[in-house]
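Below is one structure; the comments refer to it alone.
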Amino acid sequence: MKKFAIAAAAGTLAGVIASTQIAGPLLAQEAAKSSSVYEQLDLFGDIFERIRAQYVEEVDAKELIEAAINGMLTSLDPHSSYLSPDDAAQMRVQTRGEFGGLGIEVTQEEGFVKVVSPIDGTPAEEAGIEAGDFITHVDGDSVLGLTLDEAVNLMRGPVGSEIVITVVREGELEPFDVSIIRDTIKLTAVRTRLQGDTVVLRVTTFNDQTYENLESGLKEQIEAAGGIDKVNGVVVDLRNNPGGLLTQAIKVSDAFLDEGEIVSTRGRQVQDGERFNATAGDLAEGKPIVVLINGGSASASEIVAGALQDHRRAIVVGTKSFGKGSVQTVMPLGNDGGMRLTTARYYTPSGRSIQSLGVSPDIVVEQPRRAPEAETEEEETTRPSRSEADLRGSLNNDSLSEDEIKQIEADRAKAEAAAALREEDYQLAYAIDILKGLSAIGPGK
């Protein structure tokens with residue numbers, strides 16, 4: 001006890017000496033900083049008044065101030081911004097899962113609008129917009145030099161109206177125009193289906209409905225399969241999922257983890273950091289999981305992929321994710337508006353930040369681009385396959401019952417269906433093949 005007391009006393013003494021030595025310079029520095037800040041605010045006021053009095057056209061003072069506020073926020077990073085009362089209301093609607101627009105999540109890079117991902121089943125996705133596309137013009141007007149919010153406002157409009165966006169895409173020699181009809185975007189946060197013996201959970205966004213949809217959808221598919229024993233695993237498809245609510249990302253991760261850290265956040269001050277841990281209970285009951293990601297998987301998607309990967313609860317398949325490792329807090333303001341401010345970075349359970357790096361898949365699998373359809377209508381002729389059973393007079397198989405033969409034929413049909421899926425969605429087919437392989441070497445096999 002004496003050692004601890006001495007150490008504490010020495011620490012207090014050192015603190016007193018240090019304060020005595022540097023308090024004067026610190027006070028002087030703070031005074032200089034305050035003076036400099038007030039001088040800059042005076043400069044702002046001077047410029048504001050000169051614009052109002054001498055600009056070639058009359059200006060709206062409210063719009064000037066909002067532009068100044070937004071300029072201050074957007075200068076920090078691509079995700080901080082000012083929300084006017086209308087924008088704040090629109091954001092609250094989007095969080096609930098229904099809004100009007102094109103159906104794309106965007107960010108800004110080198111002055112242009114970059115598509116993080118199109119949202120499933122929306123006009124943008126149906127028009128062929130892809131993650132990584134750059135939007136350079138909207139209805140012929142350049143977006144270069146506009147803030148992200150200004151560019152987004154150009155893309156907004158009445159439901160049913162047409163918009164033409166100019167797209168620059170890697171691998172394409174020239175920019176090209178895409179015509180899209182605006183529509184009401186209704187987000188189904190999680191779509192579920194049974195693919196053979198595998199439950200596929202397609203998570204499109206993280207809004208208020210995500211965990212509830214996932215839990216009920218997974219339960220429904222397990223029942224349709226005849227129970228958890230009939231399921232060989234779960235695919236959590238996070239491709240082109242631009243993220244959303246941190247709370248929902250934590251809940252989805254917790255759905256498949258029994259214990260351990262899910263994610264931690266670290267702000268500017270040490271005391272602002274938080275850790276979020278899993279609680280007991282695994283909705284998949286220990287069945288193997290494959291998580292699918294790609295360059296359109298961002299933010300909340302990366303939290304889920306990183307948590308399940310670090311805990312070795314899932315195999316992550318696909319391509320590197322987007323790399324948005326920051327947390328934005330929406331702060332309401334007195335005018336019914338708000339501001340979106342980056343307040344923390346988040347870290348996966350192993351302590352790694354994915355900011356600008358993304359989550360690297362355990363198995364890299366590219367999605368092949370669809371080959372252009374042939375211009376001729378000639379049908380390909382395939383040579384029919386032959387086997388022993390096709391030979392005249394071949395012997396019957398006497399080691400199997402009729403039921404066993406039917407089971408083999410059913411298994412063969414499943415394998416052929418899986419092969420057909422590769423033509424439609426190669427990455428998903430690959431994920432399902434992994435789960436089939438794991439179940440083949442599991443207990444009792």
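The values are calculated or read from the model by the stated rules, or taken from the named source; none is laboratory data. Computed from a prediction, not measured in an experiment: that's the story for all the values here. Neighbour counts run over all protein chains shown; Cβ positions are idealised from the backbone, glycine included. SASA here: full protein model, heavy atoms, side chains in, ligands and nucleic acids out. Shrake-Rupley method; radii C 1.70, N 1.55, O 1.52, S 1.80 Å.
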Residues whose placed amide H lies under 5 Å from that of residue 326, excluding near-sequence neighbours: 346
Placed amide H near residue 262: partners under 5 Å, 5+ positions off or other chain: 276, 277, 278
Amide H contacts of residue 147 (H built 1.01 Å from N, under 5 Å, at least 5 apart or other chain): none
Subset of 186/324; 186/230; 114/287 violating a 27 Å alpha-carbon distance limit: 186/230; 114/287
Solvent-accessible ranking of 38, 55, largest area first, probe 1.4 Å: 38, 55
Karplus 3J(HN,Hα) series, Hz, for the range 118-132 with 6.51 cos²θ - 1.76 cosθ + 1.60 (x for Gly, Pro): x, 8, 3, x, 9, x, 5, 5, 5, 7, x, 5, 10, 4, x
Rounded, prolate or oblate (a/c below 1.5 giving rounded, otherwise prolate when a/b exceeds b/c) for the range 255-302 by Cα gyration tensor: oblate
In order through the range 338-348: 3J(HN,Hα) via Karplus (6.51 cos²θ - 1.76 cosθ + 1.60), integer Hz, x for Gly, Pro: x, 9, 9, 10, 6, 10, 7, 9, 10, 9, 6
Rounded if a/c under 1.5, otherwise prolate or oblate - the range 167-231, Cα gyration tensor axes: prolate
In Å², nearest 10: area of residue 251 left accessible to a 1.4 Å probe: 100 Å²
Residue 331 - accessible surface, heavy atoms, 1.4 Å probe, Å² rounded to 10: 60 Å²
Karplus (6.51, -1.76, 1.60) ³J(HN,Hα), θ = phi - 60°, over the range 53-59, in Hz, Gly and Pro reported as x: 8, 10, 4, 4, 10, 5, 10
Rule-of-thumb Rg ratio for the range 109-175 [Cα; 2.2 N^0.38 Å; N residues]: 1.07
Loop-located GluC sites (Glu not before Pro) in the range 267-365 whose Cβ has at most 15 other Cβ within 10 Å (DSSP): 285
Value of Rg/Rh across the range 136-261 [Cα atoms, Kirkwood radius]: 1.11
With DNA, RNA and ligands ignored, accessible area of residue 141 (1.4 Å probe; Å², nearest 10): 90 Å²
Anisotropy class of the range 47-160 from Cα gyration tensor, a/c 1.5 cut: prolate
